[in-house]
Amino acid sequence: MLRGLSRSVVVGAALVAAVALGGCRDTGNDDGKLFEISGKIFVFNYRLARATYVVTLRPLKPMGEGQVAVASFQDPAGGAPLVVEQKVWPKLDKVTLESPALTCVVKNKPYAIAISIKGADGTVLQEIDTTLMSTEDQSILPDRPLVIDQLYTANPDLVGHPGGKLPGEPKPDCSKGT
């Protein structure tokens with residue numbers, strides 16, 4: 001009886017040790033990268049008549065408290081980059097970065113995106129550079145939002161204008177972004 005009990009204790013201790021060691025295993029990520037891009041896309045929201053960049057980052061290592069992701073998106077209309085700062089929440093499985101509304105997005109043109117991961121003290125921990133090309137031209141969007149509130153009330157300015165296109169509507173100057 002005692003012999004069987006001690007065998008059970010040894011086997012149990014071995015199982016606990018194996019589980020503990022498995023939890024400490026290395027993921028093979030020795031190049032210092034904290035994040036990788038898991039998705040990037042232009043979002044054309046037809047209902048709101050706006051386009052945005054959206055980039056998602058997947059953590060490769062546990063995230064630290066106080067980290068931030070700073071994304072610098074090339075402005076398709078030209079001019080200074082559009083900068084967005086997003087707090088990194090350690091318990092989430094991804095970080096999503098979305099630009100402000102864009103104008104002048106052109107189909108099949110690469111646009112630059114630069115992302116910096118910063119520590120709580122502001123030190124740059126990682127830099128990620130990428131590009132993104134749209135499969136559509138922003139001209140597919142209506143001239144104004146199709147809805148005007150949270151109840152999705154139809155925009156009265158667009159009544160009688162199929163596709164949301166208004167004759168004589170001023171268009172943004174996209175000559176700087178080409």
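The values are calculated or read from the model by the stated rules, or taken from the named source; none is laboratory data. Remember, predicted model here, so these are calculated numbers, not experimental data. Note that each Cβ is placed from the backbone with ideal geometry, even for glycine, and that neighbours are counted across all protein chains shown. Just so you know, the surface numbers come from the protein's heavy atoms only, side chains and all, with ligands and any DNA or RNA stripped out. Shrake-Rupley method; radii C 1.70, N 1.55, O 1.52, S 1.80 Å.
For the reader, a short list of remarks on this structure follows.
- Failed criterion for GLY177 (all others in (1) in contact (Cβ under 8 Å) with a residue 12 or more places away in the chain; (2) open to solvent by less than 70 Å² (accessible area, probe 1.4 Å); (3) under 21 Å from GLY32 (Cβ atoms) hold): (3)
- Cβ separations smaller than 7 Å between residues 6+ apart or across chains give the following pairs from the range 154-174 residues that are closer than 18 Å to GLN138 by Cβ to residues that are surrounded by 13 or more Cβ atoms within 10 Å (Cβ to Cβ) and among the hydrophobic types (A, V, I, L, M, F, W, C): LEU158/LEU146; GLY164/ALA49; GLY164/LEU146; GLY164/LEU158; PRO172/ALA77; PRO172/CYS104; CYS174/ALA77; CYS174/CYS104.
- Of all the residues in the range 103-134, those that are closer than 14 Å to ALA51 by Cα and without any contact (Cβ under 8 Å) to a residue 60 or more places away in the chain number 3.
- Test for ILE140: is it closer than 16 Å to LEU48 by Cβ, β-branched (Val, Ile, Thr) and either free of Cβ contacts under 8 Å to residues at least 40 places away in the same chain or in contact with a Gly (Cβ under 8 Å, 6 or more places away or on another chain) (or both): no
- Failed criterion for TYR53 (all others in (1) aromatic (Phe, Trp, Tyr); (2) in a loop (DSSP other than H, G, I, E, B); (3) at pLDDT 95 or above hold): (2)
- If you filter the range 127-153 down to residues that are open to solvent by less than 100 Å² (accessible area, probe 1.4 Å) and in a strand (DSSP E or B), you find that the one that is farthest from ILE113 (Cα to Cα) is VAL147.
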